[in-house]
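The values are calculated or read from the model by the stated rules, or taken from the named source; none is laboratory data. Because the structure is a prediction, the values reported are computed rather than measured. Reconstructed Cβ throughout: ideal geometry from the backbone, glycine too, with neighbour counts over all protein chains shown.
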Amino acid sequence: MIPMTVAELAAAVDGRLVGATPEALVTGPVEFDSRKVRPGGLFVAFPGEKVDGHDYAAGAVSDGGAVAVLGSRQVDGVPMVLVDDPRAALGRLARAVLDRLPALTVIGLTGSSGKTTTKDLIAQLTVRLGATVAPPGSFNNELGHPYTALQADADTRFLVLEKGARGLGHIRYLCEVAPPRIAVVINVGSSHIGEFGSVEAIAEAKGELVEGLPPDGLAVLNADDPRVRAMAARTAARTVLVGEAPDAEIRAVDVTLDDRGRASYTLVTPAGQAPVRLGISGRHQVGNSLAAAAVALELGMPLAELAEALGTLGLPSTRRMDVFDRTDGVTVIDDSYNANPASTTAALHALAGMGARRRTIAVLGYMAELGEYERDGHVEVGQLAAELGVDRLLVVGELATPIHDGAVAVADWGGESVLVTDQQAAVAELRRELRPGDVVLVKGSRYRTWEVADALRAEAARSEGGSR
Ligand SMILES: Nc1ncnc2c1ncn2[C@@H]1O[C@H](COP(=O)(O)OP(=O)(O)OP(=O)(O)O)[C@@H](O)[C@H]1O
Ligand SMILES: [Mg+2]
C-alpha cells in the first residue's frame, strides 16, 4: 500500500478517529486476518456471526503491530477508524489508493469460465513490461478485490483483477473499487445460473465491466461468443475483437493441437503475424491466450516478443488444466478446481484430443450452482463424454447421477459408465482399473473431486512437471 496517515485514511473511508493518532503513518499491509498483520499495517475488523473481527482488534495492535483498526464498533484501548460498514470502507480505501496512482493501469477481466486462468496469463505478460500486482487464485469478490488492489504502490504499473459476479450490480461495484482502463470479457456461460436465472441476465451482469470504461480505455471482447461480441454496444471505449472469427482483429488461424492438447497457431494482428506455440493444454487456451495477447499489444509489447512470451505461459493457479505424467505411464489432467458445463466441455475435448490413441477415463463429479439447469447441464455433459468417445466414465456421488444417465443414453457409445458413491470409491476403482498409457481427466465443483486428483498425484510420483 502507499503510505497514508491515519487521518488521510479516515477521510478516504469517511470514518471517525477514536483513540488514534491522526499523524501516525499506515504503510500496509491491510489485513482482515489478524495473524497476517505486520508492523505498520491496518487491521480491518468485520463483524461476523460466528467470528467477530473486533475480538482480535487489540491483538492485531499489540502483537501484530497494526497502526490502527478499521471497524464498526469501538474497542477499548485500540486506535480505531470507525465506520458503519467495514466492507464498504475497504472498497473505498482501495479506490482512494488507486486514485493516487496515476501511472497504474488497471486491467479487469470477467467471464463465466477462465477468469483466473486468463488473469494469470495476462499477469505473466505484463510483468515483462512493468511491476505487476495480481492476486493468487481467484480473489474476485468484494473482499478479495480491494484486498488485492491495496497491494499496489507507487512502483506498480499494472494491476490485473478478476471480477466475479453472483448478481446484477456486483461487477459495477467492483469497477467502482478498481476502475479498469482495459477490460476483458472471456465468455458468457451458465456458471451461477442458479443465482442469475438466465444466460441473458449473466450477459447483462458481465457487460457491466465494459460500461464503466473511460473513452480512452479498451474493451477486449471474444469474437466467438455472440453475447460477448454484443457488449461492444455497451461501452464508450475502443473495442478489439479477439478469437477465431474471420473479423476478429486479433485472431488465431491454423490452430493445431499436439498430443498433450497444446495449441499452435498463427497469431494475426493489425501489427502483423507471428507463429505461437502454447505450453498449456486445452483448445480453450487459444481464446484465453488471444485475450492476453490483446492486452499485451495494447500496452506496447512488440509482436515478436509477444509471440515468444505466449509460448512460455504457465498456469500458476492450481487444479486448472494441470497435466502431468505419472511414472507408471498414466497421464492425469487435474482440472478439478471447479466445474460447470462449459468448462467441463472444454476439458472433455482436451481429454478426447490427448487420448486419440490412448484409453481415456473421465472422473466427473457434481457441478454446483446450476439451479433449474442442473439436470440438463449434467445430462448434456454425460452425453458429450459419450459422443466424444471417452472410454470410461466414473461418475462420483449421487448428485452427479444425471451425467451417467446422459452418457448411457447415447446408443452407439462403445464406452462404459460407472457410478461410484464417493471419492474414496472412485480412487479404489481407478486403482483397479488404471493401465499404463491411460489418460485420466478429474473434474468437479470445488472439493468434490479434489481427493481423487490428489490421490492420483500421490500414488505414483510425477515423472515430468505439469503445466504450471
Ligand atoms: N475459455 C474457457 N472456456 C471454458 N473453460 C475454461 C476456459 N478457460 C478456463 N477454463 C476452465 O474453467 C475452469 C475454471 O477456470 P478458472 O479458474 O480460470 O475460471 P474462473 O472464471 O476464474 O472461475 P471462478 O468463477 O471459480 O473464479 C477450469 O477448469 C479451466 O480449465
Ligand atoms: Mg477465478
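Annotations for the structure displayed:
- Applying the set (1) more than 16 Å from ligand 1 (Cβ to nearest atom); (2) closer than 25 Å to Thr239 by Cα; (3) not hydrophobic (A, V, I, L, M, F, W, C); (4) not in a loop (DSSP other than H, G, I, E, B) to Lys119 leaves exactly one unmet item: (1).
- 3 or more residues out of contact with any His (no Cβ under 9 Å at 6 or more places or on another chain) and under 25 Å from Gly261 (Cβ atoms): qualifying helices (runs of 4 or more DSSP H) within the range 361-468: 374-387, 423-433, 450-459
- Of all residues in the range 312-338 being at positive phi and crowded, with 19+ Cβ neighbours inside 10 Å, the one that is nearest to ligand 1 (Cβ to nearest atom): Met321
- Matching residues, the range 339-374, being within 16 Å of ligand 1 (Cβ to nearest atom), in contact (Cβ under 8 Å) with a residue 40 or more places away in the chain and of a type in the set (Val, Ile, Thr): Thr344, Val363
- Residues in the range 268-285 that are part of a strand (DSSP E or B) and among the charged types (D, E, K, R): Arg277 alone.
- Any hit, the range 291-303, residues being within 15 Å of Thr118 (Cα to Cα), surrounded by fewer than 17 Cβ atoms within 10 Å (Cβ to Cβ) and modelled with pLDDT of 95 or more: no
- Hey, Val81 surrounded by 19 or more Cβ atoms within 10 Å (Cβ to Cβ), assigned to a strand (DSSP E or B) and among the hydrophobic types (A, V, I, L, M, F, W, C) or not: yes
- Taken together, the residues in the range 297-349 that are of a type in the set (A, V, I, L, M) and part of a loop (DSSP other than H, G, I, E, B) amount to 7.
- Of the residues making up the range 123-137, those that are touching a residue at least 60 places away in the same chain (Cβ under 8 Å) and part of a loop (DSSP other than H, G, I, E, B) are Arg128, Leu129, Pro136, Gly137.
- Any hit, the range 347-358, residues being within 16 Å of ligand 2 (Cβ to nearest atom) and under 26 Å from Thr421 (Cβ atoms): yes
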